[in-house]
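Worksheet: one structure, shown below.
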């Protein structure tokens with residue numbers, strides 16, 4: 001590993017990694033710090049660069065993204081999105097997770113295709129991947145934003161909205177003790193979780209990060225990390241097509 005590349009990734013001496021504990025698939029709070037798949041990948045990247053790893057922990061995706069954009073972090077873990085891609089160079093995804101809709105048991109809604117109607121209000125986590133996706137794709141329903149992904153269901157209930165949108169696993173855990181709620185079958189999007197580095201760090205950093213992610217997938221590192229942290233309902237993303245820009249389209 002060249003010293004030059006290490007200095008690009010860690011200009012302040014340590015690799016500052018933006019971690020979002022608001023998505024339980026990626027990371028969770030653990031005794032004042034964080035643990036999870038993204039943390040394991042962070043430490044492995046730091047080891048390969050030969051620099052110490054410093055976790056910069058946030059509770060929302062929006063804050064985690066902002067840290068990278070404002071120069072408070074050197075690398076991070078985000079869902080791929082064209083808006084974020086204006087300032088962040090993404091790897092291909094390392095994990096695929098699903099975005100789902102939640103409704104009340106007595107709701108007339110039975111399918112995802114029925115959600116986008118003028119009379120419906122959808123609650124989303126502000127600045128989340130599914131907020132960005134739905135803001136582009138919802139044409140008729142009204143989108144309202146909770147302060148974070150963790151407060152989507154409580155905001156949905158408090159405001160008497162029609163639909164809550166979020167990461168399927170998060171919604172499933174939120175409704176364990178709420179039999180009056182249910183998920184609509186299937187998914188409204190696939191959330192492609194990737195690593196990202198500020199575009200200003202240059203192509204050499206972006207290229208190295210893309211190669212790192214592909215190695216972590218092909219070696220079994222990501223799958224092992226998912227199993228070690230007891231993550232279910234998320235899958236390792238397939239090998240990247242080197243000729244396909246990850247920002248071209250949402251899956």
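Say whether the condition of being in contact (Cβ under 8 Å) with a residue 24 or more places away in the chain, at positive phi and assigned to a loop (DSSP other than H, G, I, E, B) is met by at least one residue in the range 119-127. Checking the range 119-127: at least one residue is in contact (Cβ under 8 Å) with a residue 24 or more places away in the chain, at positive phi and assigned to a loop (DSSP other than H, G, I, E, B).
Hey, can you tell me all the residues within the range 51-68 that are in a helix (DSSP H, G or I), surrounded by 17 or more Cβ atoms within 10 Å (Cβ to Cβ) and out of contact with any helix residue (DSSP H, G or I) (no Cβ under 8 Å at 6 or more places or on another chain)? Result: 62, 63, 64, 67, 68. Within the range 128-150, the set of residues being in a helix (DSSP H, G or I) and under 13 Å from residue 61 (Cα atoms) comprises 129, 130, 131, 132, 149, 150.
Looking at residue 183, is it under 17 Å from the mean Cα position of the chain (by Cα) and closer than 24 Å to residue 27 by Cα? No; evaluated as a whole, the condition is false for this residue.
Of the residues 38, 18, which is in a helix (DSSP H, G or I), modelled with pLDDT of 90 or more and either assigned by TED's automatic domain parsing to the domain that holds residue 153 or crowded, with 21+ Cβ neighbours inside 10 Å (or both)? Going through 38, 18 in turn, just one is in a helix (DSSP H, G or I), modelled with pLDDT of 90 or more and either assigned by TED's automatic domain parsing to the domain that holds residue 153 or crowded, with 21+ Cβ neighbours inside 10 Å (or both): 38.
Restricting attention to the range 21-35, the residues being more than 18 Å from residue 72 (Cβ to Cβ) and assigned to a loop (DSSP other than H, G, I, E, B) number 6. Residues of the range 79-94 include at least one that is more than 15 Å from the chain's Cα centre (by Cα) and assigned to a loop (DSSP other than H, G, I, E, B). Checking each residue in the range 5-15 for being in a helix (DSSP H, G or I) and touching a residue at least 60 places away in the same chain (Cβ under 8 Å) picks out 5, 8, 9.
With 75, 103, 115 as the choices, which residue is modelled with pLDDT of 95 or more, more than 27 Å from residue 17 (Cα to Cα) and buried (at least 21 other Cβ atoms within 10 Å of the Cβ)? Unique residue meeting the criteria: 103.
The values are calculated or read from the model by the stated rules, or taken from the named source; none is laboratory data. Here the structure is a predicted model, which is why all the values come from computation and not from measurement. All Cβ positions, even for glycine, are placed from backbone atoms using ideal geometry, and neighbour counts span all protein chains on display.
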